[in-house]
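Chemist: This structure is in structure tokens; I'll ask about it shortly.
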Amino acid sequence: MAGPIQTNERIILYDIIRGFALCGIFLVNIPSMLGSDWMFGRPDYYGSDLFVRTLFDLFVQTKFYTIFSLLFGIGFSIFLERSYARGESVSRYIRRILILFLFGLAHLAIWSGDILHTYAMWGLLLPLFYGLSNRAILAWAWSLLIGSFFLFYGSSALVEWANGGDFDSGAPFPTPYNMGFGIWFDYRLQIEIFAAMSNSLLVGIEILSLFLFGLYIGRERKLLTWSIQGLTRTATICVLFTLPFFGVIIWHHYGQGEAYYWVNLVAVLVSGKLLATTYICLFTIAVRKGRTFAPLQALGRMALTNYLTHTLIIVLPVIALGAYGALSLTEGLFLSIAILIAQSFFSMWWLKTHRYGPFEKLWRLGTYGRQTKSS
């Protein structure tokens, strides 16, 4: 009978990169989870918070969902390749995606920053591209990426630049977040969940383009066969091209560019793609040279569990205590680092006696049925 990919078939490199991406995504998410930087607002920053916000824009923001999306595409290519080799249809993949969507909906009910439902919605389209040639896949990927960039970001930045800056502080922090679970959940049902679902339709075009790049990388085994010289050269070129965008980000936060929100966002987005590529290349080089990164590998193997746990241990207690907005951006940074360290130790401990994390096990059970062999 057909079964899932076994542990000895796992590609450790992907687990390590996934674990690294999980860390970055948590750093991006925790400000909006705590209310120190609400996702629909654009607060002013001062002192250490301004420094942290600048570091986030330089090295974290948009870098890690890019990596996660690429890994999703890579995983999709591996999944379907093995499914077709076993003579299966695409139905198992669709079932797997639908389960991911259910996870995402449950997560979205608690927090608007959920990405799982977006991945599932757009991931359903991937089988339509699987049979295309590599050239066609890359053509679609570049077209969707560049098209979405200019449609949603580049055009706004050009208008903003022509107007001499047009900073908008965004909507204020919602008071229902500190008024108990009932009022908070009603607010989410009436306003935020719909807004989040609508946003998934917009950002999904870019996400789909990254899926397709990942599909190409997975199909060609690029990270597994690319020479160290090629990886080094690519990382170096990406860093050099990133530097001008770093200048824009620093100008926005510390120079005279405070009013240019969209211009800064464009710089963050473009540098995100370049640095994501750099990070992937550097980790690939390190793994090729024998580095194992055991904590990151464990975090990556339990990425779904750790990702969902972030919300459970942050958002729910914050709402219960009425503490939304109580911690600063800097305090949130140190809290997130402490949680990630704890999760890495827990993940390594758990995986000593279990093949998969709790939510990973549920996902696989739903995908493959009771034939799944796990502890």
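Chemist: Looking at I341, I319, I337, which is the one that is over 22 Å from the mean Cα position of the chain (by Cα), part of a helix (DSSP H, G or I) and β-branched (V, I, T)? Give the steps one after another, and end with the answer.
Modeler: Values: I341 fails: over 22 Å from the mean Cα position of the chain (by Cα); I337 fails: over 22 Å from the mean Cα position of the chain (by Cα).
Result of the check over I341, I319, I337: I319.
Chemist: Among the residues that make up the stretch 58-68, is at least one of them part of a helix (DSSP H, G or I), modelled with pLDDT of 90 or more, of a type in the set (D, E, K, R) and within 30 Å of P174 (Cα to Cα)?
Modeler: yes
Chemist: Looking at W262, is it part of a helix (DSSP H, G or I), free of Cβ contacts under 8 Å to residues at least 60 places away in the same chain and either within 26 Å of N178 (Cα to Cα) or aromatic (F, W, Y) (or both)?
Modeler: Details: part of a helix (DSSP H, G or I): yes; free of Cβ contacts under 8 Å to residues at least 60 places away in the same chain: no; either within 26 Å of N178 (Cα to Cα) or aromatic (F, W, Y) (or both): yes.
Criteria not met by W262.
Chemist: Can you name the residue in the stretch 189-242 that is in a helix (DSSP H, G or I) and aromatic (F, W, Y) and, of all such residues, is nearest to S133 (Cα to Cα)?
Modeler: Among those that are in a helix (DSSP H, G or I) and aromatic (F, W, Y), it is Y216.
Chemist: Would you be able to tell me the number of residues in the stretch 77-118 that are part of a helix (DSSP H, G or I), of a type outside the set (K, R) and farther than 24 Å from T309 by Cα?
Modeler: 11
Chemist: Of all the residues that make up the stretch 319-335, how many are surrounded by 13 or more Cβ atoms within 10 Å (Cβ to Cβ) and under 15 Å from S48 (Cβ atoms)?
Modeler: So the answer is 8.
Chemist: Run A85 past the list (1) surrounded by fewer than 14 Cβ atoms within 10 Å (Cβ to Cβ); (2) hydrophobic (A, V, I, L, M, F, W, C); (3) closer than 13 Å to L275 by Cα and report the number of the one that doesn't hold.
Modeler: (3)
Chemist: Oh, and also: Quick check: is even one residue across the stretch 365-373 part of a loop (DSSP other than H, G, I, E, B) and surrounded by 19 or more Cβ atoms within 10 Å (Cβ to Cβ)?
Modeler: No; the residues of the stretch 365-373 include none that is part of a loop (DSSP other than H, G, I, E, B) and surrounded by 19 or more Cβ atoms within 10 Å (Cβ to Cβ).
Chemist: How many residues does the stretch 287-316 hold that are of a type in the set (A, V, I, L, M, F, W, C), in a helix (DSSP H, G or I) and under 15 Å from the mean Cα position of the chain (by Cα)? Outline the logic, then answer.
Modeler: If we filter the stretch 287-316 for residues that are of a type in the set (A, V, I, L, M, F, W, C), which is where we start, we get 287, 293-294, 296, 298-299, 302-304, 308, 312-316.
Subset that is in a helix (DSSP H, G or I): 287, 294, 296, 298-299, 303-304, 308, 312-316.
Narrowing the set further to residues that are under 15 Å from the mean Cα position of the chain (by Cα) leaves 299, 303-304, 308.
The qualifying residues number 4.
Chemist: Turning to a different aspect of this structure: Can you find a residue in the stretch 271-280 that is without any contact (Cβ under 8 Å) to a residue 60 or more places away in the chain and out of contact with any Cys (no Cβ under 9 Å at 6 or more places or on another chain)?
Modeler: no
The values are calculated or read from the model by the stated rules, or taken from the named source; none is laboratory data. Not measured: the values here are computed from a predicted model. A quick note on method: Cβ atoms are made from the backbone with ideal geometry, for glycine too, and the neighbour counts reach across all protein chains shown.
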